[in-house]
Every structure is written in structure tokens, then in C-alpha cells.
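First the structure, in the form of C-alpha cells, and then the observations on it.
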Amino acid sequence: MNTSTNKSYRSAFIFLTSLFFLWGFITVLVDSLIPRLKDVFEMSYAKTVLVQFAFFVAFFVFSLPAGYLLSKIGYKKGIVLGLVTMAIGCLLFYPAAEHRLFAVFLVGYFTLAGGITILQVAANPFVALLGSEEGASSRLNLSQAFNSLGTTIAPVVGALFLLSDSVKSSEEIGLLNETQKSAYYISEAATVQTPFLLIAGFILLLAVIFLFTKLPKLIEESPKGGYFKLLKNKIMLMGALGIFVYVGAEVAIGSFLVNYFYDAGLAPIVAENETMMNIANTIANTFNQTFSGKDPKSLLGIFVIFYWGGAMIGRFVGAYLTKIMAAGKVLSIFALLAISMIVISMSTTGLLSMWSILAVGLFNSIMFPTIFTLSLEGLGDLKAQASGLLCMAIVGGAIIPFFFGNLIDGFGFKTAFILTIVCYGYILFYGRFKTKKA
């Protein structure tokens, strides 16, 4: 590979990696909004998961059309289209917050996810193809590490700006006079509107930048009938199921961490622990914020940074490990460790239970990029269409949290975690299966 090609690949890798950061940040910011929406609309856990359902079902709806669309208009135009669609989704949060319309929030999330879907279908195989097939897992783990950087920052932003004040119940609102009620609604709307207006502006700026960015053309139009050929490929289908259960388990845990901690009575434990409060305030001070007088869920929400931050650290480590070890073996080891952390959290209380479930994020780290690249091995010209199928499996982020929320409502958090153990159990199986096949 000549020097100019290397330089072109390096530039493309940098620009594409910035997209990984963006959608990681926004996806987890959605998680941060869930506890607030639950309070605002006084919903059950199962109904609250409709937010995640609207977000992740878009991957099921748009992935295959996105794969076809990108093969026709090209990756550059596809990326710009995805970014503009994301910006429109963020802008829809403005009228939704202004008029307190839950249905419009769902439409906004669905639109936002549609744009992210286009980016996912394009960027994941593109990064995998920017070099040798042997190094694909390492490259995608590195890009996904920056995705995790976005997911690490997002909970802090969410805790400080979306969960930073107490939400009044319908009874409390009923006691307010019209002037007080109007002021409360305006304040409540602004809490959501301002962050997402800023995000929409940033996304549109990024879209303009990509209009002037040159990307190497690596993927030709995929052969006709490619989807039908892929449906007969056992390894690819097993990988798609792996993506489904991984995203489902990761989102199920991440979405309910604040509620899990609150339900377990950890707010006063954390507040009374000097070390924990020092950690919380150190993180908050980084953003020129403080927890004085804030809602307990804001205090607990700040620690979600360690769940997503663990994924970031793990992916940087994983980029190295998948260079020196078989990717399937690394995957199976991480899945086993994730199961172990969940079991510890289920069987303990207090800070040990808290830190063990947060540690699951560290072992989640390499799962998506490693499963993705293992599933693409040997597919040649079908990789673009395989990416569409694999991204469609991200709908697991809608399905599994829905069942997880229902299990919480019926049996509590400890029992609900059994569902996530089953998910990681399959990933352990898939990693061992690929290791034996190598």
C-alpha cells in the first residue's frame, strides 16, 4: 500500500471516528433523559422503555434501506443525509418539550435513530475495510473506543443538565397557581430544549464539514440478491443474533442504572460516603457544576460515567488484545467476566453491588466491534449488505429492555438481571464457537 493511500485511509479513519463519538454521545444522552421522562409523565418502567423502543426500532426499519441507499448515492452523501436526519430529530424535541407531548418525543427519537442508522451502516464496514481483514477487529475497536468516549461524557451532561432539578408530581403541579404553573412548565421545557438545540447545531456543522471531506471509495455496489445469500450464511446470522443480545443487554443495564441505584437505596449511602461524594463533586466540578441541593437521581446519575467510561477503556485495551490474541477468544473471556459482575451485583448490596454492575461496562467494551468484524469475515463484496443486516440487529436495544422493564415491574431488578445473563451467555458461546472455527 503506497504512502498516498495510507494518508487517505488515515484521514478517512479520523473523520469516520468522529461520527462514532457523536452517535455514542447522543445515544447515551437518550438514556439520561429516561428518568426525567418517567417523572414528568409519571410512567411505569415498562412504559418508560417505549423511549428506547422508538429509538432502537428505527435500526430495524432503516438498516436494510440504508444499505441499499448508500450503494446508490455513495457514502459521502449518505453520511451527510444521516447527519441532517439526526439534526431534525433533535429539533423535534423543542416542540415536544414546549407542549409536553410524549408522542412527539417518541417521533423525535425515531427520527434521530434513523439518521444514526445510516451512519452505522456506512461507518462500521468502512472502518473494517481501511486495511487488512486480520486487523479489522483492532481498527473497529479503536474507533468504537471514541464512540465510548462520547458515551462516557453523555451521562455527566445528562446528570448535570437533564437531571439537575426535581420534577414535580401531578399533585404538586395541581397546587400551583396559573402563574407558577406557567413558569414551571417553561423552566421544565428549557431543561430539555437547550441541550438538544445545541446538539442539532453541532450536527449540522459536522454535515457541512463532511460535504468538503474526501473519502476513499472502497466498497462497490453489492451483488444483487446479496441479502438472500447472507440469510443462508450461518456464521453471519449467529453474529447478527450476537449483536441483538449484546445491544439489548448493554442498553437494558445502562438505561436503568439510575433507577436501580435509587431503588436499592444507594442515594443516602453515597451521600454519606466522603470518598463517593469527593468523586462525584470532582466530576461535577469538571463541568463547573455542584451537587448542592440537587435531586438524588442527579447524584446517582453521575456514577453512570463509570459504566460507559469502562467501555471506552476496554476498547482501547481491546484494540491491542485483538492484535495479539484470537478475537473470538477475547470475546468469550469478556462475556464470562460480564456475567460474573452481574452475579456479584445481584447477590450483594450497597456499594459493592453498585460498583460490580458498573464494571459490566468495562467488559461490554469489545463486544460490538468484535462480533461485527467476526461476522464480516470472508464475505467479500457482500460486506456492505451484511452491515445492513447486522445493524438491523441493533433493534435488540428496543426489544430486550422492554422485557427487562416488564421483569422489573413484576419481580424487581435482581430477577430482571437474569435476562442479561442469558444474553451474555450467548455471546460467550459465539466467541468460543468462532475460536474453534478459526
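For ASN285 and PHE102, calculate 0.36 nm times their separation in residues minus their Cα-Cα distance, and state this gained length in nm to one decimal. Mind dumping the intermediate values first?
Details: separation 183, 0.36 × 183 = 65.88 nm, distance 3.26 nm.
That pair, ASN285 and PHE102, stretches by 62.6 nm at full extension.
Measure of size requested: the Rg and Dmax of region 301-367, with Cα atoms as the atom set and Å as the unit; please supply both.
Over region 301-367's Cα set, Rg and Dmax evaluate to 12.4, 38 Å.
Gain in length, ILE14 to TRP355, computed as 0.36 nm per residue apart minus the alpha-carbon separation, to one decimal in nm? List each step's numbers first, then the result.
Working: separation 341, 0.36 × 341 = 122.76 nm, distance 3.32 nm.
Taking 0.36 nm per residue and subtracting the Cα distance, the gain is 119.4 nm.
Counting each pair of different Cα atoms once, what's the Kirkwood radius of region 235-337 in Å, rounded to one decimal?
Details: mean 1/r = 0.0619 Å⁻¹.
Final number for the Kirkwood radius of region 235-337 is 16.2 Å.
Suppose accessible area is computed on protein heavy atoms with a 1.4 Å probe; arrange VAL84, VAL51 from highest to lowest.
Working: VAL84 55, VAL51 0 Å².
Putting VAL84, VAL51 in descending order of accessible area: VAL84, VAL51.
Between LEU237 and TYR320, what FRET efficiency comes out of the Förster formula 1/(1 + (r/R0)^6) with R0 = 35 Å and r the beta carbon distance, rounded to 0.05? Provide the component values of the computation, followed by the final result.
Numbers: r = 30 Å, r/R0 = 0.85.
That gives a FRET efficiency of 0.75.
So if each residue of separation counts as 0.36 nm, and I subtract the Cα-Cα distance between PHE411 and LYS437, what length gain in nm does that give? Don't jump to the answer; show the numbers that get you there.
On the way: separation 26, 0.36 × 26 = 9.36 nm, distance 3.97 nm.
Gain on extension, PHE411 to LYS437, equals 5.4 nm.
Ordered by residue, what ³J(HN,Hα) values in Hz, to whole numbers, does region 398-404 give under the Karplus form 6.51 cos²θ - 1.76 cosθ + 1.60, where θ = phi - 60° and Gly and Pro are x?
After applying 6.51 cos²θ - 1.76 cosθ + 1.60, I find 9, 6, 5, x, 4, 5, 4 Hz.
What is the distance in Å between the Cα centres of region 305-319 and region 73-96?
27 Å
Using the Cβ atoms and a cut-off under 15 Å, what net charge is assigned to the surroundings of PHE212, where Lys and Arg are +1 and Asp and Glu are -1?
Working: positive: LYS76, LYS77, LYS214; negative: none.
Taking every other residue near PHE212 into account, the sum is +3.
Output the pairs from LYS76/LYS323; LYS76/LYS329; LYS234/LYS329; LYS72/LYS232; LYS214/LYS323 with a Cα-Cα distance over 27 Å in this structure; if there are none, say none.
LYS76/LYS323; LYS76/LYS329; LYS214/LYS323
The values are calculated or read from the model by the stated rules, or taken from the named source; none is laboratory data. Not measured: the values here are computed from a predicted model. Methodologically, a virtual Cβ is constructed for each residue, glycine included, from the backbone with ideal geometry; neighbour enumeration extends over all protein chains shown. We work out accessible area using only protein heavy atoms, side chains counted, and drop any ligands, DNA or RNA first. Shrake-Rupley method; radii C 1.70, N 1.55, O 1.52, S 1.80 Å.
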